[in-house]
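The values are calculated or read from the model by the stated rules, or taken from the named source; none is laboratory data. Every value quoted in this text rests on a predicted model; they were computed, and no experiment measured them. Here the Cβ positions follow ideal geometry from the backbone for every residue, glycine too, while neighbour counts run over all protein chains shown. Heads up: the accessible areas ignore ligands, DNA and RNA and are worked out on the full protein's heavy atoms, side chains in. Shrake-Rupley method; radii C 1.70, N 1.55, O 1.52, S 1.80 Å.
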Amino acid sequence: IDMGQCSSFDPAIKIHFARLLSLLLEPCSPEVDVRVAETMLNMGVRTEKTDREFLAFLPRLVLCKLKGEWFKDDYWKVMLKRDRIVEQPVALVMSFRVANLLRGFGLALLENVSMAEAWRPWAERCLEESGETM
């Protein structure tokens with residue numbers, strides 16, 4: 001199903017998603033992780049434990065380039081076991097799904113792609129048009 005034919009982003013979710021993409025392009029730091037987790041919560045993502053480290057890691061795993069360190073000692077599995085999503089906007093589910101499909105295609109071509117980087121121009125335009133700032 002083509003998501004764009006049957007649904008659209010809620011304007012507030014669209015701005016939060018654009019902000020999330022922009023945050024994911026900043027260098028990793030505890031301060032940025034706090035802002036990523038807060039943005040996920042502001043988008044309407046709810047988890048069983050509201051684990052902020054989980055909320056900061058999940059969008060990096062889905063939308064950024066894969067990092068070797070995530071696979072050392074099964075770090076990614078440990079992080080995903082910390083919490084569980086119980087509610088999230090459909091637009092986010094579909095965006096994450098598309099990102100995973102595109103990443104899979106990129107990996108088949110031996111390219112480690114970042115959807116956050118690829119979607120950066122759209123995110124910047126969205127934030128600029130809405131008058132929002134980071």
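Miscellaneous remarks
- Within a Gaussian network of the chain (alpha carbon springs, distance under 10 Å), most fluctuating of 48, 38, 124: 48
- Where the Cα pairs of region 24-88 fall when distances are cut into 10 Å bins, in %: 21, 56, 23, 0
- Additional length obtainable on full extension of the chain from residue 25 to residue 80, 0.36 nm per residue less Cα span: 17.7 nm
- Shown for the chain: lysine pairs separated by 8 or more places, or found on different chains, whose C-alpha atoms are under 20 Å apart, numbering 6.
- Per-residue ellipticity at 222 nm from helix content only, as computed over the chain with -39500 (n - 2.57) for each DSSP H run of at least four residues, stands at -18500 deg cm²/dmol.
- Considering only alpha-carbon pairs that sit under 8 angstrom and 6 or more positions apart, the relative contact order computed for region 1-115 is 28 percent.
- Electrostatic bookkeeping for residue 14 treats Lys and Arg as +1 and Asp and Glu as -1; over the other residues with beta carbon under 12 Å from its beta carbon, the sum is -1.
- Globularity index of the chain, i.e. its alpha-carbon radius of gyration over 2.2 N^0.38 Å: 1.03
- In this structure the chain gives 60 Å² per residue of accessible area when probed at 1.4 Å with all protein chains present.
- Expressed as a whole percent, the accessible surface of the chain that belongs to carbon and sulfur atoms is 55, based on a 1.4 Å probe.
- Fully extended contour minus Cα-Cα distance, from residue 67 to residue 105, at 0.36 nm per residue: 12.0 nm
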